[in-house]
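I have placed the structure first, in the form of structure tokens, so that the comments after it can refer back to it.
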Amino acid sequence: MQRTVNGRYDFEFAYPVDKLWSVVSDTPRWNEATGVPKYTAREEKQPDGRIKVFGELMKAGFRIEWEELPATWIENRWFEQVREFRNGPLKSLAARVQVAGKDERSVLHYELELQSNNLLGTAIAGKIVRQFGKDAQRVLRQAEHALSAEKPYLFESHAHPAKAARQRAAAIAQSIEASTYGHGLAERLLEHVFDAQEVDLWSLRPLRLARHWGVEPRLVIELCLQAVREGLLESRWDLLCPRCRVSKASSLAMGDLPKGVHCPACNIDYSADFAANVELTFSPSPAVRGIEYGEYCRSGPGATPHIKGQLTLQPGERRVLPAVLAPGDYRLRTLEAGGEYDIEWSDGGFPEVGVNGADVYSGAVAQPGEIVFRNDGEAVRTLVIEDRSWLRDVLTAERVTTMQAFRDLFSEQVLRPGDDVRIRNITFIFTDLVGSTALFTSIGEAQAYHVVREHFALLGDVVRAHDGTIVKTVGDGVHAAFNVPEDALRAGIAMQRAVAEFNASRERESREGHVPMAIRIGIHTGSSISVTLNDRLDYYGNTVNLAARLEAQSEAGTITMSQAFAEDVAVRPLLTRFEVRERAARIKGFDEDLRVFQITP
């Protein structure tokens, strides 16, 4: 005998609606905090192109299976999640949440609706409804306390590490701090490993941690890399789907990642892109804190916070919903395989979000404070509005492999023999020590050798301080790589100034036979090929060649740049501080003269 059991709860929250939303919409962390068990999930493609998600778990010796319908929501307004059970005493479970502002406070309205298959199901549903009210009250008050006390976590961890694990971790933290890359942050990382929820540790992202800590990203990345070497963390390379942003392939070694994979949820094949979807993440070492992986919530606003609105529409359906989005860059797409449409939105009405078959489009502007969704096709579709800034927390392979700490600590992380990877945007610096022959002649080989070594160490410190990496030394110079063009320019300027200070210091010491040291620098930006040469990651292509040849166009104490580099949108303002000398140059390997730009810092 089927029966419906309802639970309705109203709670007041002592903080504004956006804070309340961050608590209740984060269903993975909410479920972990309330003790909901993890489950496993699988995906099945349907004839109409939809992907159905099925979950299962073992409870009291019984396997319970269900279909998890796509969650629907509008950020800071409401969300709904539905499970339809395939066996057991329950037929379905639906959770519906609404949040609203009330001055500087907010109000939560939560509904649970359970349909039972029999008397046992009715009894279980009643128990779930009663227990949920108690758990929700407890978790909300816990979140309020965490916010008022400015605690780093809304919900407490349920981990209880053994005494030996804590002692081991404390010793490791001391080793990390004693290294080059501890930066006084090892204890904070140790606290995170023990105090954060499991959800936060499945994929520990250094850029997100740096944002929460208010610390320079490079320092936290270096900290995590050192923590892997010392045994506090483990690292993993993930190949993210460009549509759903979920990892569909993982590997402990970069060289073992597949070149391409299939995402069953989006029904697309995609390849590895070092700049966009190959991510380095971290998790605690099992010797420090064991982590149990699983699902708390397969689909929902907390699992995909970059999605600001998601709505399932029947064929021909049109809905107008209250919604307010922040200005930014958005992508309109469907949960199912299909097209995408990118928009830049600042203010006024948000464009209509529509789909017709596989085509996603942006339509007429809606009234301010509303979003219009419509499905002009013949199949059920789930429309998605996502924030394209999701990459801000992703530590891409392109970024981390151009960091000196990665080269220092993970020299074994190379590509497979014969493999190469295109890096879309990378900047190279080549330097050369001018007059090295005269240096060796005037002060002798032994002393000159030490000066050259000091010069390499000096340049290495500058490169690392500007988020770059020394790819290799070339003769009396270095080949360095940078992920960000303006970092390369700042590094080049710092190199020339550091050399000047080095010379002044040596002159003050009145060293016998003092000969001033001078370097010249060439910089170019563009695409390149990353390869493994001599068991280390290296770069190949025209961008590398031109950067090297621009160094030969320089004189002592100068920096010579390509036109592409000098006209970069972030480089150009930095160059206004200097007298920029522009000229045409004949460069080997190029049929026509190239425009080059030179400064003397």
(request) Please go through the stretch 102-141 and pick out each residue that is more than 30 Å from residue 62 (Cβ to Cβ) and modelled with pLDDT of 90 or more. (result) 105, 106, 107, 108, 109, 140, 141
(request) Scan the stretch 553-584 for residues that are in contact with a Leu (Cβ under 6 Å, 6 or more places away or on another chain) and over 20 Å from residue 519 (Cα atoms) and report the count. (result) 2
(request) Determine the pairs where a residue that is assigned to a loop (DSSP other than H, G, I, E, B), located within the stretch 354-368, has a partner that is among the hydrophobic types (A, V, I, L, M, F, W, C) with Cβ atoms under 8 Å apart, the partner being 6 or more residues away or on another chain. (result) 357/379; 358/337; 366/320; 366/350; 366/372
(request) Sort through 34, 72 and tell me the only one that's surrounded by 20 or more Cβ atoms within 10 Å (Cβ to Cβ), under 28 Å from residue 122 (Cα atoms) and in contact (Cβ under 8 Å) with a residue 40 or more places away in the chain. (result) 72
(request) Output yes when any residue across the stretch 204-213 is assigned to a loop (DSSP other than H, G, I, E, B), of a type outside the set (S, T, N, Q), in contact with a helix residue (DSSP H, G or I) (Cβ under 7 Å, 6 or more places away or on another chain) and closer than 22 Å to residue 307 by Cα, and no when none is. (result) yes
(request) Scan 114, 93, 120 and give me the residue that is out of contact with any His (no Cβ under 7 Å at 6 or more places or on another chain), over 19 Å from residue 140 (Cβ atoms), without any contact (Cβ under 8 Å) to a residue 60 or more places away in the chain and in a strand (DSSP E or B). (result) 93
(request) Would you check which residues across the stretch 259-289 are of a type in the set (Ser, Thr, Tyr), part of a strand (DSSP E or B) and under 30 Å from residue 190 (Cα atoms) and list them? (result) 281, 283
(request) Specify which of the listed residues (594, 575) is touching a residue at least 12 places away in the same chain (Cβ under 8 Å) and under 18 Å from residue 493 (Cα atoms). (result) 575
(message) Being of a type in the set (A, V, I, L, M, F, W, C) and surrounded by 23 or more Cβ atoms within 10 Å (Cβ to Cβ) is the filter here; which residues of the stretch 314-331 pass it?
(response) none
(request) Name every residue in the stretch 148-170 that is aliphatic (A, V, I, L, M), surrounded by 12 or more Cβ atoms within 10 Å (Cβ to Cβ) and either free of Cβ contacts under 8 Å to residues at least 12 places away in the same chain or not in a helix (DSSP H, G or I) (or both), in order of residue number. (result) 154, 159
(message) Take the conditions in a helix (DSSP H, G or I) and buried (at least 17 other Cβ atoms within 10 Å of the Cβ) and apply them to residue 190. Does it pass?
(response) yes
(message) Whether any residue in the stretch 6-19 is hydroxyl-bearing (Ser, Thr, Tyr), surrounded by 16 or more Cβ atoms within 10 Å (Cβ to Cβ) and over 25 Å from residue 129 (Cβ atoms) is what I want to check.
(response) yes
(request) Only one of these is surrounded by fewer than 19 Cβ atoms within 10 Å (Cβ to Cβ), touching a helix residue (DSSP H, G or I) at 6+ places or on another chain (Cβ under 7 Å) and not hydrophobic (A, V, I, L, M, F, W, C): 126, 101. Name it. (result) 101
(request) Among the residues of the stretch 472-486, count how many are closer than 17 Å to residue 536 by Cβ and touching a residue at least 24 places away in the same chain (Cβ under 8 Å). (result) 6
(request) Among the residues of the stretch 260-272, count how many are without any contact (Cβ under 8 Å) to a residue 24 or more places away in the chain and under 25 Å from residue 401 (Cβ atoms). (result) 5
(message) Step by step: first the residues of the stretch 43-67, then only those that are part of a strand (DSSP E or B) and out of contact with any Asp or Glu (no Cβ under 8 Å at 6 or more places or on another chain), then the one that is surrounded by the most Cβ atoms within 10 Å (Cβ to Cβ). Which residue is that?
(response) 57
(request) Would you mention how many residues in the stretch 420-450 are modelled with pLDDT under 75 and closer than 28 Å to residue 204 by Cα? (result) 5
(request) Being assigned by TED's automatic domain parsing to the domain that holds residue 17 and at pLDDT 90 or above narrows it down to one of 144, 216, so name that one. (result) 144
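The values are calculated or read from the model by the stated rules, or taken from the named source; none is laboratory data. Nothing here was measured: the structure is a model prediction, and the numbers come from that model. Reconstructed Cβ throughout: ideal geometry from the backbone, glycine too, with neighbour counts over all protein chains shown.
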